[in-house]
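A short reminder: the numbers here are calculations on the coordinates, not readings from a lab. Since the model is a prediction, treat every value here as computed from it, not as a measurement. Note: ideal-geometry Cβ built from the backbone for every residue, glycine included; neighbour counts use all protein chains shown.
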Protein chains: 2
Amino acid sequence: MSDKKDKKEKELKEREHKEKDQKNPAEAEPSRRSRKKQNTHKAILHQAKVLFEKEGIGNVTIEQISESADVSRSTFFSHFASVDDLLKEISNEEINDVFDAAEKGDGKLTVSALLKQLNDDTYPYPYLSCEVLMRGILSKGESNFAQVDRFLRKEIVTDKSYANTLEEFSSKELSALILGAFFGLIFQKMINDESFTNPDETSVTIQKFIKYLQNQEELS
Amino acid sequence: MSDKKDKKEKELKEREHKEKDQKNPAEAEPSRRSRKKQNTHKAILHQAKVLFEKEGIGNVTIEQISESADVSRSTFFSHFASVDDLLKEISNEEINDVFDAAEKGDGKLTVSALLKQLNDDTYPYPYLSCEVLMRGILSKGESNFAQVDRFLRKEIVTDKSYANTLEEFSSKELSALILGAFFGLIFQKMINDESFTNPDETSVTIQKFIKYLQNQEELS
């Protein structure tokens, strides 16, 4: 995952800057400038997400995003080459977030932690998340969800708590069922025009479903 | 469901025509003309589906559809007011098909029959099906899937074979899990760039999953 590498590199650069600041206050200036640039970057991303969620990706222009983020068109282009470039970063941001959460949960809790984060990240921007998902699927290119699918399959095979369920379903099937449960719950809220205010509404069901698949050993 | 009514009315009209044909061969002419009109209608629908599947809905023009169906632009408009009108019929056609199948399966088999038909209808046009689904969800209007969701919830409550599972999950949750399982399996094939040749590949898993949810009484 080159995105993770990019992130690590960014973090390293930031740390260098911090160390410089501490060693010599006179050299603080470039750091302040870079921090300002980072804030602008975040502001553009945030305003884009708000607009995409409200209007739909195809109905938002670079002009609207720039205006909302209070930057010029040329500043926008110094951060992102295009709307597609911006969308790629939004999608990568979410996927890195989800993998970071999965790494923190260990053993039996890895799949739960990944799904919890995916759910929590979807709630503030449900329509945008679905549109990004669909664009990934329909573009027929490598989708970020292919990474999540591969990760889940591997986890399910190594985690002993799925052993009994694996006698009935393959790890590929279980990965599709778990990710599908998540999509099913989100889509159901959307088609019934329910509001996305409390992430627990769907998170509780997903966690219950994961346990249901893990705990078959106790039933048989 | 007014679409079902429309269908019934159409069937009745067709029967009237047939009866007329039998009674008086001289009156067969309007029936032949109406049959020809129906064939044109079907040809436009079919060619539109093929083009939408291949190119994506947004990349297909009325001119392309008319050319593929070998009809003039004005003939197209005598059948459909717009591309949206055509999409509505494609979506209604699938949903009527799915409900017809569910009505044929009875009791414990209703949910299975509905999901089997949904799966079989998706295979020839998987990308189009997903795009229609997403458009329905993102338009925030009444989606055909809201009808399927309501139908499944009602079936799950009346079908005794879910009784034990209903102690753990609500009928609303189970409807989302079953529809989600279907979407999950279709999306998984797409993101892994697998071909949609044999509908059994996903149908077997969905049927196994439905039985898994129904058969908890035997495990406990």
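So the values come out like this:
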item	result
Restraint check, B:88/B:172; A:116/A:208; B:108/B:189; A:160/A:211; A:154/A:211, Cα-Cα greater than 20 Å	B:88/B:172; B:108/B:189
Nearest-20 debye value, region A:85-219 charge dipole, Cβ charges on Lys, Arg, Asp, Glu	340 debye
Calculated FRET value between residue A:168 and residue B:37, using beta carbons and R₀ = 51 Å, to 0.05	0.50
37 °C / 0.692 mPa s Stokes-Einstein diffusion coefficient of region A:131-177, Kirkwood radius on C-alpha pairs, µm²/s	282 µm²/s
C-alpha center-to-center spacing [region A:77-136, region B:30-75] in angstrom	40 Å
Base-10 log of normalised Debye intensity for region B:85-219 (one unit scatterer per alpha-carbon) at q = 0.12, 0.16, 0.20 Å⁻¹	-0.47, -0.83, -1.26
